[in-house]
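Below is one structure, written out as structure tokens; the observations come after it.
Bear in mind that the values in this text are calculations on the coordinates, not laboratory data. These figures come from a predicted structure and were not determined experimentally. Please note: Cβ atoms are built from the backbone with ideal geometry, for glycine as well, and neighbour counts cover all protein chains shown.
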Amino acid sequence: MRRLLLFALSSAMLVGGLYLAIFELLFAHLVFFRFVMGGAVLAVVGAYLLWVDFIAPKLGIKTPES
């Protein structure tokens, strides 16, 4: 149950952060770079959590947390 919740949360962070950054860069009339940076940070944290907890163990790659 914990891994499913962590997967859902980190996936939502990755998708939401990418959406926020890309939407702000491509479709906004006035670009606020704080939203671009916030979306990028959110996407990086989500991708890191996915990498450390799900992708790297499946590939047999050692991470500092393991």
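A Förster distance of 35 Å, applied to the separation of the beta-carbon atoms of residue 62 and residue 41, puts the FRET efficiency at 0.85.
Qualifying chymotrypsin sites (Phe, Trp or Tyr not before Pro) in the chain, where qualification requires a DSSP coil assignment and no more than 13 other C-beta atoms within 10 Å, comprise 27, 32. Taking Kirkwood radius over Cα pairs in Å straight from the coordinates, which label in [x] 12.3; [y] 12.8; [z] 14.6 is the correct one? After the calculation, the listed value that fits is [y]. Under the simplified labelling scheme, the residue 55-residue 2 pair shows an inter-label distance of 2.3 nm, with each label point 7 Å from Cα along Cα→Cβ. Counting only DSSP H runs of at least 4 residues, each contributing -39500 (n - 2.57), and dividing by the residue count of the chain, the helix-based mean residue ellipticity at 222 nm comes to -23500 deg cm²/dmol. Rounded to the nearest 10 degrees, the inclination of helix 33-50 to the longest alpha-carbon principal axis of the chain is 10 degrees.
Could you work out how far helix 2-26 tilts from the main Cα principal axis of the chain, as a 0 to 90 degree angle to the nearest 10? Long axis of 2-26 versus the principal axis of the chain: about 20 degrees.
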